[in-house]
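Enquirer: Input: one structure, supplied below.
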Amino acid sequence: MQQIQTRMEPHLFVVFGGTGDLMGRKLLPALYRLRKQNLVSKRVQILAVARDREMTDERYRSWALDQLAQSGIALNDRSKSWCSSSLHYQSVASGTAKDYQILRDRILQLEANNRLPENRLFYLALPPKALELTVTGLGESGYTDSAGWTRLVIEKPFGRDLISAAQLNIHLHQYFDETQLYRIDHYLGKETVQNLLVFRFANPIFESIWNRDRVESVHITVAEELGVGSRAGYYDSSGALRDMVQNHLTQLLCLTAMEVPASLDADAIRDEKVKVLRSIAPISSEDVVFGQYGSSRDGDNEIPGYLDEPGIAPDSRTETFVALRLEVENWRWQGVPFILRTGKRIERRLTQITVRFRCPPVHLFGAGRACSINSNELSITLQPEEGFDLHFEVKSPGQEVAMQTQRLHFRYAEAFGPLPEAYETLLLDVAVGDQTLFVRGDEVETAWRLYDPILNEEQDVHPYPAGTSGPLAAEALYRQ
């Protein structure tokens, strides 16, 4: 989230997991679009690292072109030229010290051939079990000893509980300083998420009422229509709380609830997010509802339940839905419930923050009259149809005092056209050294400290039919 235009220096972008799904679907298209828009220097070189011994530079470039085509990018002279001039491949088949020495030699060769300063960006697009070994390999082989800068990007999850997250941080800090670490949460790269800061702090009309005196409740929803798909192996050992709440929803909560930072400096913003996490009261088991989707029908089509999905244990109690109620115990938010909800196989895909304001203290239009009054609501939609809606009351035409709820709306697509992909924003920020949209080590551990007690308790898992809004047991939380 660049506050001041920063010059991007030429560098070598090294991706571990360079033949994986994330690289093919997200990173390669994002890197190409950044280059096409001249936001990335043509001197930036990309080295994909993976275990495949048979892969060569030419085979990798052919694979990359296929991935670009699948993402909707035209295969023309420009995209082919970018692949042939910028993409390279190196195998680390065994992950031994010898492999890392060969990789180091390849890095030095690419830097020399392309007249690159020793600026190195390492991106770990790897499963959690491979992170520590790779970090050790980089650290022990001296990759951080360079005349330029070194940055390390780590994909979530950052541990699976407080202990493992703390151990991962300790391991990372053996070889890398916190200023070199970029823990990536792609939700923070969305334009609408970044705009929360501008929306709140650049518009006094909203900031002046953004508190317990005017706000009745805050609802944060991340709902998915799809099931677990090809992620069954990972998801069944993780669940919705680890996969979505501890990171994505918690980040949205922090940006919604944080105080005005002293500046737009990365650490000033991240300091305020950590303060929010430290202000949240311990979560009671009565304020949490777990659910798991079951089978249902959509016309003639049978929608499988979670236990029917390939790769899922038939007796699994893994939650695919979580709703919880949080209390931020500080001066601004005391007494205002924050309701977080996420689930798979929900009736419609939606990521939204809804701020519900208090009704007027005097019910001038209340009981005994011909109409009733509804709370004003501000809905901030992050996907799909990114934008804002402000719901308010108006009088219907006619002699009787009757009301209707109407809305003012803003849509990014109508004002600005298509938005950049989240990974484009985040990769650009890493390249210029802006850590604002990345998660700091203490923030990770503070978030895990909140949710660890829930993970360690036996929770009832309520069934809900696929394609609905979730288990009925969660409805009581929403009404609080």
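Read the figures in this text as sums done on the coordinates, not as results from a lab. This structure is a prediction, so every number in the text was calculated from the model and none was measured. Note that each Cβ is placed from the backbone with ideal geometry, even for glycine, and that neighbours are counted across all protein chains shown.
Enquirer: Taking 22 Å as R0, compute the FRET efficiency from the Cβ-Cβ separation of Arg317 and Glu225 and round it to 0.05.
Expert: 0.45
Enquirer: In Å, what is the Rg of the alpha-carbon atoms in the chain, and how long is Dmax?
Expert: Values for the chain (Cα only, Rg and Dmax): 24.4, 86 Å.
Enquirer: Further, regarding this structure: Below 10 angstrom from the Cβ of His186, what's the summed charge of the other residues (Lys, Arg +1; Asp, Glu -1)?
Expert: Counting the neighbours of His186, the net charge comes to 0.
Enquirer: Here is a further query. For a test of understanding, tell me how many lysine pairs in the chain have Cα atoms under 17 Å apart, given they are 8 or more places apart or on different chains.
Expert: Lysine pairs, 8 or more places apart or on different chains, close enough: 7.
Enquirer: Of all GluC sites (Glu not before Pro) in the stretch 387-480, which ones are in loop regions per DSSP and have a Cβ with at most 14 other Cβ atoms within 10 Å?
Expert: In loop regions of the stretch 387-480 (DSSP not H, G, I, E or B), the sparsely surrounded GluC sites (Glu not before Pro) are Glu400, Glu457, Glu458.
Enquirer: Can you tell me how much longer the chain between Ser62 and Glu302 gets when fully stretched, taken as 0.36 nm per residue apart minus their C-alpha distance, in nm with one decimal?
Expert: Answer, rounded to one decimal: 82.5 nm.
Enquirer: Turning to a different aspect of this structure: Using a Förster distance of 30 angstrom, determine the FRET efficiency expected from the C-beta separation of Glu191 and Asn374, and round it to 0.05.
Expert: 0.50
Enquirer: Next question, about the same structure. Give me the distance in nm between label points sitting 7 Å out from Cα along the Cα-to-Cβ direction at Ser285 and Arg358, one decimal.
Expert: Those two pseudo-labels are separated by 3.4 nm.
Enquirer: Here's a follow-up. How far apart, in nm, are the 7 Å Cα→Cβ label points at Thr179 and Arg25?
Expert: Each label point lies 7 Å from its Cα, and together they span 3.6 nm.
Enquirer: What percent does the relative contact order of the chain come to when contacts are Cα pairs within less than 8 Å and at least six residues apart?
Expert: Relative contact order, the chain: 18 percent.
Enquirer: Using 0.36 nm per residue, how much length does the chain from Asp105 to Val198 gain when fully extended, once their Cα-Cα distance is taken away?
Expert: 28.9 nm
Enquirer: Calculate how steeply helix 162-175 sits against the longest principal axis of the alpha-carbon atoms of the chain, using the helix alpha-carbon long axis, and give the answer as 0 to 90 degrees to the nearest 10.
Expert: 30 degrees
Enquirer: Note the angle between two axes, namely the Cα long axis of helix 128-140 and the longest principal axis of the Cα atoms of the chain, as a number of degrees from 0 to 90, rounded to the nearest 10.
Expert: The angle comes out near 40 degrees.
Enquirer: Across the stretch 12-155, how large is the tail of the calculated P(r) beyond 22 Å, expressed as a percent of all Cα pairs?
Expert: 35 percent
Enquirer: Still on this structure, please answer the following. What does the extension gain come out to for Ala402 and Glu475, with contour length at 0.36 nm per residue minus their alpha carbon separation?
Expert: 23.4 nm
Enquirer: Spin-label point model (7 Å from Cα, Cβ direction): what's the Leu350 to Asn211 distance in nm?
Expert: Computed distance between label sites Leu350 and Asn211 equals 3.1 nm.
Enquirer: Related question: Within the stretch 86-130, report the trypsin sites (Lys or Arg not before Pro) that DSSP leaves as loop and that have at most 11 other Cβ atoms within 10 Å.
Expert: In loop regions of the stretch 86-130 (DSSP not H, G, I, E or B), the sparsely surrounded trypsin sites (Lys or Arg not before Pro) are Arg115.
Enquirer: Related question: Restricting to DSSP H runs of at least four residues, report the calculated mean residue ellipticity at 222 nm for the chain, -39500 (n - 2.57) per run over all residues, nearest 500 deg cm²/dmol.
Expert: Counting only the DSSP helices, I get -9500 deg cm²/dmol.
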